[in-house]
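Reading through the structure tokens given below for one structure.
All of the numbers you see were taken from the coordinates with simple rules; none came from a lab. What you are looking at is a predicted structure, and each value in this text was computed from that prediction instead of being measured. In this analysis, Cβ positions are derived from the backbone assuming ideal geometry, glycine residues included, and neighbour counts consider all displayed protein chains.
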Ligand SMILES: [Zn+2]
């Protein structure tokens with residue numbers, strides 16, 4: 001699945017119509033959830049049928065395209081099996097009981113209710129919500145019109161801090177001819193450098209958030225000084241949301257470009273299977289970790305790895321920074337010790353370089369690692385490709 005996103009250009013009335021459609025989606029989702037809560041044995045199919053009942057009962061619900069209504073019911077259903085699974089597996093802590101939504105920001109159409117013009121520059125929504133014809137603004141290299149209409153499986157309108165966007169999900173396999181480079185690379189992600197590879201090369205941390213932090217803090221202060229429910233407060237909130245969006249986009253862009261460069265220049269990638277969620281609990285490190293965006297980066301590494309059909313291997317994190325990559329002696333060191341000096345063979349290496357060598361060696365032995373390329377490329381555009389494996393990893397990062 002490929003996702004193509006465009007910004008939407010329309011009038012105020014059209015944006016209001018989009019907002020109304022988004023509200024209807026939320027209404028249907030919450031109504032379905034209510035039904036599930038109130039009645040015993042409600043199935044996914046029952047919720048689908050319930051959509052038709054709702055549209056008879058509420059005229060505003062009938063205005064929304066019928067498949068879009070079903071997509072809204074699907075969303076309600078999405079939260080339910082997850083909750084059951086958590087209960088069955090006796091997950092510790094909260095089980096994630098499905099919640100009513102009040103901040104929905106998107107509406108999803110399937111294959112009806114919209115029409116894309118053949119030049120790929122305008123889209124018209126044809127259901128009763130009266131959104132009408134909108135212009136698509138985007139990268140000219142992204143040619144949605146190049147795909148047959150039947151391959152466009154979903155069309156989703158999303159509200160963002162800087163306006164409305166439309167996402168097209170296209171059923172297409174994307175593969176890239178990989179040019180072998182003969183390099184097997186282990187990478188260590190760290191706080192000092194964004195990453196260090198087994199050849200000793202480093203990529204510096206961009207620290208978008210820290211850079212933008214002063215501006216964000218100022219905007220946050222301004223917001224909190226504004227009077228509740230005032231017009232100025234609304235404006236300030238919008239500005240803050242825009243600033244956050246900018247940082248998020250910069251981070252995503254960086255992660256993606258680094259991952260692409262890494263995959264293009266290697267034939268095998270090994271990385272450490274970190275428990276990022278646990279590490280974030282350490283508040284001293286939390287901000288730097290979020291800022292570094294490793295999770296995002298590793299998802300893109302897996303994604304590009306599957307496009308290029310090269311192995312991307314996650315290895316268990318024990319001892320990778322403590323062990324000597326030359327002779328295997330354990331050399332204990334705290335986080336502040338930046339150099340690895342072996343007490344036995346005398347090798348001197350940068351701490352992260354040593355770890356990257358160990359990570360690569362572990363992957364090549366192959367007993368501790370597992371292949372990660374089995375997942376389909378759609379994972380990168382979805383949410384969690386590598387969290388699954390991360391959960392399975394045991395033990396803490398050794399430092
Ligand atoms: Zn040694």
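How would you order 322-332, 145-155 from highest to lowest mean count of nearby Cβ atoms within 10 Å?
Working: 322-332: 16.1, 145-155: 14.1.
Result, highest mean first: 322-332, 145-155.
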**Asked** Exposure proxy check: 1, 37 ranked by fewest other beta carbons within 10 Å?
**Response** 37, 1
**Fill in**
For residue 99 and residue 216, extending 7 Å from Cα along the Cα-Cβ vector and measuring point to point gives, in nm, a value of 2.0 nm
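Rounded to the nearest 500, what is the chain's calculated 222 nm mean residue ellipticity when only DSSP H runs of at least 4 contribute -39500 (n - 2.57) each, over all residues?
Values: 12 runs with 177 residues, N = 399.
Helix contribution divided over all residues of the chain: -14500 deg cm²/dmol.
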**Asked** Using the count of nearby Cβ atoms within 10 Å as a rough guide to exposure, how do 55, 334, 89 rank from fewest to most?
**Response** 334, 89, 55
**Message:** Can you tell me how segment 94-187 classifies by the Cα gyration tensor, rounded, prolate or oblate, using a/c under 1.5 as the rounded cut?
**Reply:** oblate
**Paramagnetic label zone (point 7 Å from Cα along Cα-to-C-beta, residue 326; backbone N under 20 Å) in segment 180-212** = 186, 197-201
**Message:** Report the Cα centroid-to-centroid distance between segment 12-32 and segment 74-107 in angstrom, as an integer.
**Reply:** 21 Å
**Request:** Using packing as a proxy for protection, rank 39-45, 211-217, 196-202 so that the peptide with the highest average count of other Cβ atoms within 10 Å comes first.
**Result:** 196-202, 211-217, 39-45
**Prompt:** Considering the zone a paramagnetic label at residue 151 would reach in this model (a point 7 Å from Cα along the Cα-to-Cβ line), which residues of segment 1-29 have amide N under 11 Å from it?
**Reply:** 1-2
**Prompt:** Expressed as an acute angle from 0 to 90° and rounded to the nearest 10, what is the orientation of the C-alpha long axis of helix 208-225 relative to the principal long axis of the chain?
**Reply:** 40 degrees
**Complete:** The FRET efficiency for residue 335 and residue 7, from their Cβ-Cβ distance with R0 = 25 Å and rounded to 0.05, is 0.05
**Request:** Can you tell me the 0 to 90 degree angle between the C-alpha axis of helix 294-308 and the longest principal axis of the chain, rounded to 10?
**Result:** 90 degrees
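Can you tell me the relative contact order of the chain? Whole percent, Cα pairs under 8 Å, sequence separation 6 or more.
16 percent
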**Asked** Between residue 19 and residue 176, how many nm apart are label points set 7 Å from Cα along the C-beta direction?
**Response** 4.1 nm
**Asked** Under a plain spin-label model, where a point goes 7 Å from the Cα along Cα-to-Cβ, how far apart in nm are residue 137 and residue 265?
**Response** 3.6 nm
**Relative contact order for segment 2-170, counting Cα pairs under 8 Å that sit 6 or more residues apart, in percent** = 34 percent
**Request:** With a ≥ b ≥ c taken as the square roots of the eigenvalues of the C-alpha gyration tensor of segment 146-216, please select rounded if a/c is under 1.5 and otherwise prolate if a/b is larger than b/c or oblate if it is not?
**Result:** oblate
